[in-house]
Amino acid sequence: MGISNELREKYKTMLLPQQVVAKELGISKKSVQELISTGALPAVGVSGKFLVSVLSLAAMLNEKEPIYSGQQASRNLEVEELSCSLTNNELVQGVQEEVKDMVYSGTVSTLKDGRFMVQINKGKKPDGSRDRESKGFKDKTLAQKYLEDRLAGLNGTKSVQMSQTMPLAQTYTMPVADNAIYTDKTFEQYAIDVLNSGIGKATSRTIEGYRMALFQVNKYIGSTRMVDIDVVQLRKMFEKLSHYYVKSTLKKAFNTTKMIFEIALSNEDVPNNPFVKLKCPTSKKVVDKEKQPYSDEEIKTILKEAKEYQNPVLYPIFTVLECTGMRPAELRGLEWSRFNANDKTIKIVQAVSKEYEAIERIGKKTKETEFISVTKNAYGVRTLKLSDLAVQALLDWRKELDTMPIPVRDSKFVFPSQEGSFRSESSMKCLLQRFVKKVGIEDIGLNLYRFRHTMCTRLILDGQPIPVIQRIMGDNTIDVIMKIYTHVTQEQAMAACGDYYDKLNQRHLESVI
């Protein structure tokens, strides 16, 4: 019995799906797809999928059938009979059974904004998730027409056409349907296109964060074509990165890379998603010292040096940050109209935000533009109390401004630039760097955002309720407070338990007596 007959008896059909072919050839499904796409393995397009004939698979398995010459008329097969053997009822029935559950369907639904959404159900993706195609329209008639045309095109692949004449003593090649055309772009090229096209409701600042997360990833796979990247390569890459990235950074790099491949798969630009069976490794980077809040002694040193410093703007900045813990972007957006010296309060209603231009390269920082915007979230709008020290520092600063040139003197911002606008992030960083170097306090690790960490930790240790702290800090969730801003040192933890240990020791002493 020949190989083709064995296969036919085994699977009871003349057309085999790709997973069966992969099993018989002992190769991966991806390799089968490559054979089909290059034409090395003939296949038939059936409702969006490719089926391989038993004859083609047998030929790939090196089946050797006797070839009869034209002189052996008694055993010669007529062209007509051979054609019928390939297109008989059994084959047609087998194909119909294959496509019975693969017919595409779709719907037209009305959205809240009055538009119409066409959704086409295309079965399941290789990872098991639903494969859907969506497109929006303003006109219902156009939407319905698109749906009908699209379904007609997709479901039109059900018919299987074969050659009616085929010369004897030649290998028969089944017609290959149009294969899926995957992207030929490298990972960097594809990632840039995805990020620049926008991802859901992500702001340009979030998109820039994605770019930064892909910075090290791009060094490993940036020049590799998307279709050539496999799970083995990705696993090795993230194992290497796990030695250099802390947990949060490693996870962000992993999830961002995964997102790129998920989008590529949904766009049918890659044959499969290598992240289906891939998990983010555990970070192996040893963190010598976590960022701690400022100690009382460090705060005292910072304020002392700032008050004596040649630039008077730093002292009021530090005093305000110490008692409010506001974000640096909120500090730069403060306006004098929100300051009430009598009530000793200041209201936060806005912050300096950033808008980023299109990404040119993954390894190149994107150009940015700063502007005044609303606060980070709804909780960000809040009125905070100021310490007496901060109130007096602001009043003294106001007097300083009155002696300066008009753009600065008439500015509505509390800490204006020389042009009278808000201070840029870069100018603020330069100001801090010069101050730290000039007064020699590099070991403190001066950072404006660290004042926020310090404020939150002090409130925690003071026993303030979490919801109260959440409102003061202007955070949307308490998770941020508990996971990021709370830095309780070992010494602070031991001090907090001092009374408990004293009482415990006293209890044991009394029981012995």
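The values are calculated or read from the model by the stated rules, or taken from the named source; none is laboratory data. Not measured: the values here are computed from a predicted model. When we count neighbours, we look across all protein chains shown, and the Cβ atoms used for this are built from the backbone with ideal geometry, even at glycine.
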**Complete:** Note on the range 220-232: residues part of a helix (DSSP H, G or I) and touching a residue at least 40 places away in the same chain (Cβ under 8 Å) are M226, V227, V231
**Message:** Given (1) within 30 Å of I120 (Cβ to Cβ); (2) among the small types (G, A, S); (3) crowded, with 17+ Cβ neighbours inside 10 Å; (4) at pLDDT 60 or above, identify the lone condition not met by A59.
**Reply:** (1)
**Fill in**
For T249, the lone unmet condition from (1) within 25 Å of S134 (Cβ to Cβ); (2) at pLDDT below 95; (3) within 13 Å of the chain's Cα centre (by Cα) is (1)
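Considering I199, I207, I181, which residue is modelled with pLDDT of 80 or more and not in a helix (DSSP H, G or I)?
Only one candidate passes the filter, namely I199.
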**Message:** Out of the residues in the range 454-465 meeting the condition of being more than 30 Å from the chain's Cα centre (by Cα) and not in a loop (DSSP other than H, G, I, E, B), tell me which one is farthest from E330 (Cα to Cα).
**Reply:** L461
**Complete:** Of the residues in the range 1-29 that are among the basic types (K, R) and part of a helix (DSSP H, G or I), the one that is farthest from V231 (Cα to Cα) is R8
**Request:** With the checklist (1) exposed (fewer than 13 other Cβ atoms within 10 Å of the Cβ); (2) modelled with pLDDT of 65 or more in hand, flag the one item V108 doesn't pass.
**Result:** (1)
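Among residues belonging to the range 392-429 that are touching a residue at least 40 places away in the same chain (Cβ under 8 Å) and part of a loop (DSSP other than H, G, I, E, B), point out the one that is farthest from K344 (Cα to Cα).
Among those that are touching a residue at least 40 places away in the same chain (Cβ under 8 Å) and part of a loop (DSSP other than H, G, I, E, B), it is S424.
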**Prompt:** Applying the selection to the range 237-279, what residues are part of a helix (DSSP H, G or I) and touching an Asp or Glu at 6+ places or on another chain (Cβ under 6 Å)?
**Reply:** P274, V276
**Message:** If I ask for residues that are buried (at least 18 other Cβ atoms within 10 Å of the Cβ), in contact with an Asp or Glu (Cβ under 6 Å, 6 or more places away or on another chain) and under 30 Å from V194 (Cβ atoms), which ones from the range 313-365 would you list?
**Reply:** A351, V352, Y356, I362
**Prompt:** Looking at the range 280-293, is at least one residue part of a helix (DSSP H, G or I) and without any contact (Cβ under 8 Å) to a residue 40 or more places away in the chain?
**Reply:** no
